[in-house]
Each structure stands twice: as structure tokens, then as C-alpha cells.
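Bear in mind that the values in this text are calculations on the coordinates, not laboratory data. Because the structure is a prediction, the values reported are computed rather than measured. Please note: Cβ atoms are built from the backbone with ideal geometry, for glycine as well, and neighbour counts cover all protein chains shown.
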Amino acid sequence: MEYKDMKFMDAVKYIPTRVINAFSKLIGMKGVVLLITINLIKNKLIPDNAVGYTWFLIVLIVVFGEKALTVFKDIKK
């Protein structure tokens, strides 16, 4: 059932499930990518002037997945 179809109490009862799902996704491959990126930045393996661009690209890819890669392809054209 979608949120727009739920009553208020149903939506409140569904919040713990969504929190558990969020942690599950963070532990997955996307979480690993974020952890590796954080470690690379902390260990100064990514130059300071490239940190902003790196975060932008990593977050874009983590949030939007493969669709972000198609956007890069379209921008390249």
C-alpha cells in the first residue's frame, strides 16, 4: 500500500519497517561504496580540490543508481 492510500496511524506503524529497510540498504553495496569513499578521503588519497566532485558523483550514483550513469552518457553527447 502506498503512503497516499494509508491512514495516519498506518503510516506511523510502517515507520519502523522503513527504518530497518534503510539500514539494510546502507549495509549493502551502496553502504560499502560510501564507506570506501569516506576512507579514501580521510586517508588523503583523493586530492582536497577533488573531494567535492567525488562526493557529488558518489552520492549521485548511490542515490540514482544506473540512471545516473545514463545521464552522464547523455551529458557527454
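If you place +1 on the Cβ of every Lys and Arg, -1 on the Cβ of every Asp and Glu, and leave all else neutral, what size is the dipole of segment 3-76 about its Cα centre, to the nearest 20 Debye?
Charge dipole of segment 3-76: 100 debye, to the nearest 20.
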Using the Karplus curve 6.51 cos²θ - 1.76 cosθ + 1.60 with θ = phi - 60°, work out ³J(HN,Hα) for each residue of segment 26-42 in order, rounded to whole Hz, and write x for Gly and Pro. 5, 6, x, 4, 5, x, 5, 4, 5, 5, 5, 5, 4, 5, 4, 6, 5
Label-point gap, in nm, between residue 22 and residue 43 - each point 7 angstrom along Cα→Cβ: 3.0 nm
What's the FRET efficiency of residue 29 with residue 5 using the Cβ-Cβ distance as r and R₀ = 30 Å, to the nearest 0.05? 0.45
Ratio Rg/Rh [Cα only; Rh per Kirkwood] for segment 3-76: 1.14
Mind listing the phi-derived Karplus ³J(HN,Hα) values for segment 49-62, rounded to whole Hz, using 6.51, -1.76 and 1.60 with θ = phi - 60°, and x for any glycine or proline? 6, 9, 4, x, 5, 5, 4, 4, 5, 5, 5, 4, 6, 5
Helix 66-76: inclination vs the chain longest Cα principal axis, degrees, rounded to 10, gives 40 degrees
Among residues other than residue 36 whose Cβ falls under 14 Å from its Cβ, what is the net charge (Lys/Arg +1, Asp/Glu -1)? +2
For each of 25, 30, 73, count neighbouring Cβ atoms within 10 Å of the residue's Cβ, then give the residues from fewest to most. 73, 25, 30
